[in-house]
Amino acid sequence: MEDGMIQYNGEKEKAGAERGTISMLNGIQGVIFDLDGTLIDSMYVWGEIDDEYVTKRLHLPMPSDLRDDIEGMRFEEVSYYFRERFHIEKSIEEIMQEWTDMAYDKYAGEIKTKPGTREFLEELKCRKLRIGIATSNSRELLHVVLKSNGIEDYFDAFCSGDDVARSKPEPDVYLNAACSMNVLPEKCLVFEDLPQGIKAGKNAGMTVCAVADDFSVSQTDYKKEIADYYIDSFYDILNTRE
């Protein structure tokens with residue numbers, strides 16, 4: 001995508017055009033971000049963990065439908081799915097802890113934010129908007145990666161899969177975040193990288209901007225179709241500032 005271009009319902013809009021940054025944020029009081037693949041470049045980690053856990057720890061072939069099946073699930077739900085599908089004789093808590101231990105070092109020191117993240121968060125703070133996170137990941141990994149990247153203090157609310165009963169595409173995690181921010185759902189703008197998350201934001205009655213990510217590149221056209229906006233990076237938005 002060219003510099004300063006935002007995709008709106010399949011059409012490109014140039015900097016300063018009617019549907020540029022200013023109008024994207026018009027009437028918005030709160031901005032809610034998904035975490036993995038949206039704010040941070042981390043989806044590759046979970047692909048590696050899935051592969052290692054299934055093929056090396058369970059000594060089983062990797063199912064081709066696994067990632068589609070677990071998209072949007074809460075951390076606990078994925079653990080339950082694995083236990084049932086692969087007949088694992090461990091508790092849900094034990095499986096989750098194994099995955100957390102496998103991912104912790106990467107979240108604490110390796111995973112970085114997506115391009116333009118800090119600058120865009122600064123822009124939102126300058127506009128005095130409330131900022132939240134709504135993720136299917138665990139609260140432990142959420143906070144350690146925000147701290148390691150020095151961006152935790154930008155956020156007014158944190159909602160993880162630990163806090164809600166239903167996973168994406170149900171709207172629970174986004175409604176919870178909006179409530180914590182004291183902002184009405186229709187006044188919220190969501191940033192998401194996966195279709196199930198985009199649907200969750202729409203099901204919550206929010207405006208949704210899809211974010212490009214290598215992990216979901218095969219779903220790009222569908223993401224553009226179901227979201228209100230599409231960006232390659234947060235620099236696309238920053239480049240349209242008036």
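The values are calculated or read from the model by the stated rules, or taken from the named source; none is laboratory data. Because the structure is predicted, anything quoted here is derived from the model rather than measured. Reconstructed Cβ throughout: ideal geometry from the backbone, glycine too, with neighbour counts over all protein chains shown.
From the list Val183, Val145, exactly one residue is buried (at least 21 other Cβ atoms within 10 Å of the Cβ), out of contact with any Leu (no Cβ under 7 Å at 6 or more places or on another chain), at pLDDT 95 or above and under 19 Å from Asp228 (Cβ atoms). Which is it?
Val183
Which of the helices (runs of 4 or more DSSP H) found entirely inside segment 136-242 contain at least 1 residues meeting this: among the polar types (S, T, N, Q)?
Result: 139-148, 172-181, 195-203, 220-226.
Filter segment 80-96 down to the residues that are modelled with pLDDT of 90 or more and either small (Gly, Ala, Ser) or closer than 13 Å to Glu140 by Cα (or both) and list them by number.
Answer for segment 80-96, where residues must be modelled with pLDDT of 90 or more and either small (Gly, Ala, Ser) or closer than 13 Å to Glu140 by Cα (or both): just Ser91.
Here are some residues: Gly161, Gly201, Gly109, Gly132. Which one is within 15 Å of the chain's Cα centre (by Cα) and at pLDDT below 95?
Gly161
So, in segment 84-98, of the ones that are part of a helix (DSSP H, G or I) and either hydroxyl-bearing (Ser, Thr, Tyr) or in contact with a Lys or Arg (Cβ under 9 Å, 6 or more places away or on another chain) (or both), which residue ends up surrounded by the most Cβ atoms within 10 Å (Cβ to Cβ)?
Selected residue: Ile95.
Being without any contact (Cβ under 8 Å) to a residue 12 or more places away in the chain, assigned to a helix (DSSP H, G or I) and not aromatic (Phe, Trp, Tyr) is the requirement here; does Asp69 meet it?
No.
State the number of residues belonging to segment 108-144 that are in contact (Cβ under 8 Å) with a residue 40 or more places away in the chain and in contact with a Ser or Thr (Cβ under 7 Å, 6 or more places away or on another chain).
Residues that pass the stated criteria total 13.
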